[in-house]
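Participant: Would you mind keeping the following structure in view while I ask a few things?
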Amino acid sequence: MSLYSQQDFTRSQPVASVQLPVHSARALTKGGTQAQIELDGKVYDLRITRAGKLILTK
């Protein structure tokens, strides 16, 4: 067995039985390009760029 054929245990492995929630960025921004997300009393800005990418800033 070579070094490259061993399983990489440093990466987190996906759990097949857990279904992660999916939220539409378009719904979060209500059709616009910006929304605010609160976590533990801190507010983050979510922005959809013209290229259709997401930017999350504090």
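Participant: If you add up the charges near R26, with Lys and Arg at +1 and Asp and Glu at -1, over every other residue whose beta carbon is less than 14 angstrom from its beta carbon, what do you get?
Facilitator: +3
Participant: Okay, moving on. Each residue of the range 21-29 in order: what ³J(HN,Hα) in whole Hz does its phi give by Karplus 6.51 cos²θ - 1.76 cosθ + 1.60, θ = phi - 60°, with x for Gly and Pro?
Facilitator: Calculated HN-Hα couplings, in order: x, 10, 10, 6, 5, 5, 5, 4, 8 Hz.
Rule-based calculations on the coordinates, nothing more; no lab input. Source: prediction; values computed, not measured. Ideal geometry is used to build each Cβ from the backbone, glycine not excepted, and the neighbour counts take in all protein chains shown.
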